[in-house]
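The values are calculated or read from the model by the stated rules, or taken from the named source; none is laboratory data. All values reported here derive from a predicted model rather than from experimental measurement. Reconstructed Cβ throughout: ideal geometry from the backbone, glycine too, with neighbour counts over all protein chains shown. Side chains are part of the model used for accessible areas, which takes the heavy atoms of the whole protein and leaves out ligands, DNA and RNA. Shrake-Rupley method; radii C 1.70, N 1.55, O 1.52, S 1.80 Å.
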Amino acid sequence: MAGRCLIAFLITASCLSVSVSGQLPGDLFALGVASRLRVDGNSTKLGSILEQLTFEEGFVFTKDVTYVQFLDRVMEEERALRSIGTWDVPHPWLNLFVPRSRILDFDSGVLKGVFAGANPIGVILMNMWDERMMAVAGNDDVFYVIGLLRSAVALGDVEHLERENEAVLAFCHNEGIGCKQYLPHYLSLDGWQHHFGAKWSRVTELKAMYDPHGILSSGQRIFSSSVLVALVAM
């Protein structure tokens, strides 16, 4: 069975600032769609989806791969990055869940603000999820997963990218964006409680029930031994 990966470069919204031979000014999305080919009708279905989008048609391309190749597609990217020496370098990544209601504010303040004029090595990924996903993502039913996946390839890049990440978090906090970090690192219990918000009571309930000795995820330091003792005793 084969999978088809379709990439379209959109010119109607902002995500990545790129230049294509100077012909397409502004910020562009790179939209990827994967489809399992079962019958010939899938091509027609993909075509009907594309008809609903506004994009530069000359930048649409498809690639047919086997199912295993599709699952292992990140390895191909790793090989490419290794070949140019940008794999074994620091990666000050920042992953955020941004509520759909504030995505335009995030775009103007971060992508067009903090990152204005930046030309980093790496990518910015955006995916849309809903509340059915097991993640802490604020109060909206639908939210975006924003991955700022950048690489430090030159002297001073690590400090610079980390400062930009801090600026992104500061902007979101000051503007009340309500975003949540994916794989965050907090130094206090208050930080974790703020992160989980209304779900904190459920988190503590599950921890006391299934991991009373704190064996799982101990490296995150969410629950100290004294906190676990108190939870189990409740």
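A compact table of results
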item: Complete set of residues in region 177-191 that are touching a helix residue (DSSP H, G or I) at 6+ places or on another chain (Cβ under 8 Å) and small (G, A, S); result: G178
item: Hits in region 47-68 (condition: open to solvent by 100 Å² or more (accessible area, probe 1.4 Å) and touching a strand residue (DSSP E or B) at 6+ places or on another chain (Cβ under 8 Å)); result: F61, K63, Y67
item: Residues of region 103-141 that turn out to be under 29 Å from R202 (Cα atoms) and modelled with pLDDT under 80, as a count; result: 16
item: Qualifying residue in region 166-188 (condition: more than 30 Å from W87 (Cα to Cα) and at pLDDT below 85); result: yes
item: Pairs with Cβ under 8 Å, 6+ apart, first in region 77-93 and under 14 Å from L155 (Cα atoms), second open to solvent by 60 Å² or more (accessible area, probe 1.4 Å) and part of a loop (DSSP other than H, G, I, E, B); result: T86/V153; V89/V153
item: Close pairs from region 100-121: first open to solvent by 70 Å² or more (accessible area, probe 1.4 Å), partner of a type in the set (A, V, I, L, M) and at pLDDT 90 or above, Cβ under 7 Å, at least 6 apart; result: none
item: Every residue from region 143-201 that is assigned to a loop (DSSP other than H, G, I, E, B), open to solvent by less than 80 Å² (accessible area, probe 1.4 Å) and aliphatic (A, V, I, L, M); result: A152, V153, A154, I177
item: Considering residues of region 202-219 that are within 28 Å of D140 (Cα to Cα) and open to solvent by 70 Å² or more (accessible area, probe 1.4 Å) only, the residue modelled with the lowest pLDDT; result: S217
item: Which listed residue, of T12, T44, is at pLDDT below 80, open to solvent by 70 Å² or more (accessible area, probe 1.4 Å) and under 29 Å from A118 (Cβ atoms); result: T12
